[in-house]
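K.L.:
Shown below is the structure under consideration.
The values are calculated or read from the model by the stated rules, or taken from the named source; none is laboratory data. This structure is a prediction, so every number in the text was calculated from the model and none was measured. In this analysis, Cβ positions are derived from the backbone assuming ideal geometry, glycine residues included, and neighbour counts consider all displayed protein chains. The protein model used for the area step is the full one, side chains on, heavy atoms only, and it has no ligands, DNA or RNA in it. Shrake-Rupley method; radii C 1.70, N 1.55, O 1.52, S 1.80 Å.
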Amino acid sequence: MQPSDLGRDLEKVLIDEDAITAKVAELAAAIDRDYADRPVLLVGVLKGAVMIMADLARAMSLPVEMDWMAVSSYGSGTKSSGVVRILKDLDKDITGKHVLVVEDILDTGLTLSWLVRNLRSRGPASVQVCTFLRKPEAVKVDVPVAYLGFDIPNEFVVGYGLDYAERYRNLRVVGTLAPHVYGG
Ligand code: 5GP
């Protein structure tokens with residue numbers, strides 16, 4: 001989906017396709033550099049991280065393994081529930097592996113800090129975090145981010161994997177929705 005496909009539903013574009021592509025290349029180069037001497041397992045957090053996982057992995061030169069987790073943190077609304085539940089666990093054991101968690105967005109940080117603790121308890125060689133977006137609230141919690149795409153304002157965003165009520169994930173840019181979409 002292009003921004004124009006949303007018509008009046010799109011309020012504004014925060015990050016366009018060119019900016020996304022350039023940033024993904026930058027992140028991939030940094031990860032290639034850091035993991036040159038050890039195999040990396042990318043752990044994507046469903047469903048939001050699907051786009052960044054696919055683009056990041058393809059932009060990298062190193063071979064990677066990929067696995068996925070699904071955790072619940074948001075309902076169909078726009079507020080964090082604070083409750084984290086594993087909906088889908090990793091397929092494989094991560095003992096002794098170098099894990100890089102790939103996230104779409106760090107908001108309150110509740111989800112990711114819980115996830116990192118959970119993964120660390122499984123005996124991996126290392127756990128690092130790559131998040132494509134980060135909101136200001138996230139700095140309040142202790143989530144060490146090794147690779148960051150963009151810091152964004154405290155607004156609800158959609159696109160590039162991020163949804164509102166399961167829609168707009170396939171929008172090629174990151175943007176905000178007009179109030180009428182939320183019934184406002
Ligand atoms: P946190 O636990 O850091 O507050 O929230 C993390 C999760 O909330 C993200 O993985 C994402 O699913 C969802 N989330 C947080 N902020 C936004 C946003 O602005 N837009 C969308 N679509 N989802 C968000």
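K.L.:
Condition check: more than 10 Å from the ligand (Cβ to nearest atom), open to solvent by less than 10 Å² (accessible area, probe 1.4 Å), in a strand (DSSP E or B) and modelled with pLDDT of 95 or more. Does residue 42 satisfy that? It would help to see each step written out before you state the result.
P.N.:
Numbers: more than 10 Å from the ligand (Cβ to nearest atom): yes; open to solvent by less than 10 Å² (accessible area, probe 1.4 Å): yes; in a strand (DSSP E or B): yes; modelled with pLDDT of 95 or more: yes.
Yes; evaluated as a whole, the condition is true for this residue.
K.L.:
Moving to a separate point now. Taking the conditions exactly as written (open to solvent by less than 20 Å² (accessible area, probe 1.4 Å), within 13 Å of the ligand (Cβ to nearest atom), on the phi < 0 side of the Ramachandran plot and assigned to a loop (DSSP other than H, G, I, E, B)), does residue 171 satisfy them or not?
P.N.:
Details: open to solvent by less than 20 Å² (accessible area, probe 1.4 Å): yes; within 13 Å of the ligand (Cβ to nearest atom): yes; on the phi < 0 side of the Ramachandran plot: yes; assigned to a loop (DSSP other than H, G, I, E, B): yes.
Spelling it out, residue 171 is indeed open to solvent by less than 20 Å² (accessible area, probe 1.4 Å), within 13 Å of the ligand (Cβ to nearest atom), on the phi < 0 side of the Ramachandran plot and assigned to a loop (DSSP other than H, G, I, E, B).
K.L.:
Take the range 149-168 and flag every residue that is in contact with a Lys or Arg (Cβ under 6 Å, 6 or more places away or on another chain) and surrounded by fewer than 16 Cβ atoms within 10 Å (Cβ to Cβ).
P.N.:
If the condition is that a residue be in contact with a Lys or Arg (Cβ under 6 Å, 6 or more places away or on another chain) and surrounded by fewer than 16 Cβ atoms within 10 Å (Cβ to Cβ), then 151, 154 are the ones that fit.
K.L.:
Would you check if residue 125 is surrounded by fewer than 22 Cβ atoms within 10 Å (Cβ to Cβ), in contact with a strand residue (DSSP E or B) (Cβ under 9 Å, 6 or more places away or on another chain) and either among the aliphatic types (A, V, I, L, M) or under 17 Å from residue 45 (Cβ atoms) (or both)? Break it down stepwise before answering.
P.N.:
On the way: surrounded by fewer than 22 Cβ atoms within 10 Å (Cβ to Cβ): yes; in contact with a strand residue (DSSP E or B) (Cβ under 9 Å, 6 or more places away or on another chain): yes; either among the aliphatic types (A, V, I, L, M) or under 17 Å from residue 45 (Cβ atoms) (or both): yes.
Here the answer is yes, as residue 125 does meet what is asked.
K.L.:
Could you grab me the full set of residues in the range 134-146 that are in contact with a helix residue (DSSP H, G or I) (Cβ under 9 Å, 6 or more places away or on another chain) and either at pLDDT 95 or above or of a type in the set (Val, Ile, Thr) (or both)? So that I can check it myself, show each step before the final result.
P.N.:
Step one: of the range 134-146, the residues in contact with a helix residue (DSSP H, G or I) (Cβ under 9 Å, 6 or more places away or on another chain) are 138, 141-146.
Scanning the range 134-146 gives 141, 143, 145, 146.
K.L.:
Under 8 Å by Cβ, and 6 or more places apart or on different chains, what pairs join a residue from the range 46-58 that is closer than 14 Å to residue 105 by Cβ and away from the ligand (no atom under 11 Å from the Cβ) with one that is open to solvent by 10 Å² or more (accessible area, probe 1.4 Å) and among the basic types (Lys, Arg)?
P.N.:
From residues that are closer than 14 Å to residue 105 by Cβ and away from the ligand (no atom under 11 Å from the Cβ), the pairs are 50/169; 51/169.
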